[in-house]
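Since the structure comes first, as structure tokens, the remarks are kept for the end.
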Amino acid sequence: MYPTSRLNTVLEQAWKRKYYQQHWVMNLNEALSLLDARQYHALPVIRKRDISDNWDTLIEYGDFTDAVSSSGTTGRPVDLPVHRLQEQIWVDCVSRVFSELGAVPGDKLLQLLSNNDMFTLGPLVWQAAKKTGIGTFRCSPQRTKRILEVIKYHQPKFVAGNPNIMLNIANELGDDFPAPELLPDYAYFGAGVSFDGHNEPTPVTKKVMRLWGLKDALNEYGCSEVGSIGHECRYHNGFHINDDAVFVELIDPATGLPSKTGEPGEIVVTSLTVPRGFIAVRYGTGDISAWMDYEPCECGRRTPRIGAIIGRIDHQLKVLGQTVFPDLIFNIVDTMDTVETSLIVKYSDDNGAEQIELWVSPTGDPEKTIESIRKSLEQRLAVYPKIRQIAAATIKKLQQEKMAESNGVKLPRLIEITNVDFWIGLG
């Protein structure tokens, strides 16, 4: 299932950049021969750290028209130039979500994704809306009064935002939040997980769908380094890969070999279009997908699909020596009406050992709530972290401090702290 001809072209272009000549530890002909031998996975993966450490020999400015930034490294930030033609391809991929939702010229969009701080998806969604002919009202999710005014006076049919942030908006407005019939009918979920490994909506998504009165919502998956990778269709059978723009593999993070059919794996992406500021050849995203499926979808498409993002390599938690992904914990806790908010924290104890705790803010009897959480976690997970009661105001304050360090699009639910006693004291 290799797009051999296009991969050949990409490898030839990548070889012109000094970094790949050193990184592959083989000549170009040897690299190309791996395709014929169906051993493409033998080429080494490139990661975010590689971009940061080798920027000058890997990235080209060229005719760039925008710059995007990807967090998660120390040292040089991963600020990437987006070429003019590359940006058009990304916009085209993102606009497919609006087409899938049935948007037509003259429709209106409430845009809750950031257009600032070199965030990738917000500007792409805005440009994709223009390409589709949709009028966009761009609002910061922190300006809830402005959001209410847009809803009241303009009645947008679509909303684009992170489901966790949209839930926060509804909760913060409380009784002032509009009735479902006054809200947008359809949502473009971005920068957040909205369905699980079985294609079922997450608890947060269910709450957002109910509170916002949404008729349907589609999620899109991508990253700053390679743009849009795939999106849902109306049958909600995972992410349809944009296979005209990217080639996607799932690999076992422990071995680097292709994941077995139906099993989770890290998403590794190769860009199929040039020119680019960053030519991605087997770029390891760090995201773990639940599965990959090559069977035709009910919608009629025959493109490969990947399942939900169930975690990140760098978010794997070690509890009693076993690996646990935070989202698996939150998918359990978020179903409980007796929990107002929750957070997972990592910190080092006095001996320098890493500790993991689940902080929850009960709305009812704390002891009963925590015992209920414990029983639910025991039924579904082999191990789980210590559970601690913390005031909702303390959790939200900690999240707001972390959000202030970013573009404010993603609500942090896994936070590493150094002054744990201070925060426990507040709680």
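A short reminder: the numbers here are calculations on the coordinates, not readings from a lab. Computed from a predicted model, the values in this text were never measured in an experiment. As a convention, Cβ positions derive from the backbone with ideal geometry for all residues, glycine included, and neighbour counts pool all protein chains shown.
Counting other Cβ atoms within 10 Å of each Cβ, which GluC sites (Glu not before Pro) in the stretch 246-328 have at most 16 and sit in a DSSP loop?
Taking the stretch 246-328 and a limit of 16 other Cβ atoms within 10 Å, the loop GluC sites (Glu not before Pro) found are Glu298.
Just to confirm the filter: which chymotrypsin sites (Phe, Trp or Tyr not before Pro) across the stretch 12-108 are DSSP coil and have at most 12 other Cβ within 10 angstrom of their Cβ?
When the chymotrypsin sites (Phe, Trp or Tyr not before Pro) of the stretch 12-108 are filtered for loop state and at most 12 Cβ neighbours within 10 Å, Tyr61 remain.
How large are Rg and Dmax for the chain when calculated on the C-alpha trace, in angstrom?
So, for the chain, Rg and Dmax equal 22.0, 67 Å respectively.
Nothing charged except the Cβ atoms of Lys and Arg (+1) and of Asp and Glu (-1): what's the magnitude of the dipole of the stretch 243-302 about its Cα centre? Round to the nearest 20 debye.
240
Can you list the lysines whose alpha carbon sits under 26 Å from that of Lys375, skipping same-chain ones fewer than 8 residues off?
Qualifying lysines at Cα under 26 Å: Lys206, Lys207, Lys318, Lys346, Lys386, Lys396.
Rank Tyr153, Asn219, Ala382 by how far each Cα sits towards the positive end of the charge dipole of the chain (+1 on Lys, Arg Cβ; -1 on Asp, Glu Cβ) and give me just the farthest.
Of the listed residues, the answer is Tyr153.
Compute the long axis of helix 203-212 from its Cα atoms, compare it with the longest principal axis of the Cα atoms of the chain, and write down the angle in degrees, 0 to 90, nearest 10.
So the inclination is approximately 70 degrees.
Apply the Karplus curve 6.51 cos²θ - 1.76 cosθ + 1.60, θ = phi - 60°, to the phi angles in the stretch 374-390 and return the couplings in whole Hz, x for Gly and Pro.
Each residue of the stretch 374-390 in turn: 4, 5, 5, 5, 4, 6, 10, 10, 5, 9, 8, x, 4, 9, 10, 7, 9 Hz.
Which of the trypsin sites (Lys or Arg not before Pro) found in the stretch 290-354 are in a DSSP loop and have at most 15 neighbouring Cβ atoms, other than their own, within 10 Å?
Arg301, Arg302
For Lys152, Lys215, which order do you get if you count the other beta carbons within 10 Å of each Cβ and list the fewest first?
Lys152, Lys215
Measure nothing fancy, just the Cα-based angle from helix 392-403's long axis to the longest principal axis of the chain, in degrees from 0 to 90, nearest 10.
That helix lies at roughly 20 degrees to the long axis.
Amide H neighbours of Val68 under 5 Å, counting only residues 5+ apart in sequence or on other chains, H built in-plane at 1.01 Å?
Counting only residues 5 or more places away or on other chains, the set is Leu80, Val82.
Where does helix 4-14 land angle-wise versus the long Cα axis of the chain, in degrees 0 to 90, nearest 10?
90
Spelling out what I want: for every residue of the stretch 100-110, take phi, set θ = phi - 60°, compute 6.51 cos²θ - 1.76 cosθ + 1.60 (Karplus), and round to whole Hz; glycine and proline get x.
Once rounded to whole Hz, the list reads 4, 7, x, 5, 9, x, x, 6, 10, 10, 8.
What lysines does Lys18 reach when the alpha-carbon gap must be under 22 Å and sequence neighbours fewer than 8 apart in one chain are set aside?
The reachable lysines, counting only those whose Cα sits under 22 Å from Lys18, are Lys48.
Reachable lysines from Lys108, Cα under 19 Å, same-chain residues fewer than 8 places away excluded?
Once the sequence-local lysines are set aside, what remains near Lys108 is Lys130, Lys131, Lys145, Lys152, Lys157, Lys215.
Using the alpha-carbon centroid of each, what span in Å lies between the stretch 369-427 and the stretch 208-264?
Going from one Cα centre to the other spans 27 Å.
For Gly227, enumerate residues with amide H under 5 Å from its amide H, sequence gap 5+ or separate chain, H modeled in the peptide plane.
none
What residue among Tyr294, Tyr188, Tyr384 shows peak mean-square fluctuation when the chain is described by a Gaussian network model with Cα springs under 10 Å?
Result for the chain, Cα springs under 10 Å: Tyr294 fluctuates most.
The stretch 166-206 to the stretch 3-64: how many Å between their Cα centroids?
So the separation of the two Cα centres works out to 40 Å.
At 25 °C and 0.890 mPa s, grab the translational diffusion coefficient of the stretch 316-426 from Stokes-Einstein with a Kirkwood Rh over Cα pairs, rounded to a whole number in µm² per second.
My calculation gives 169 µm²/s for D.
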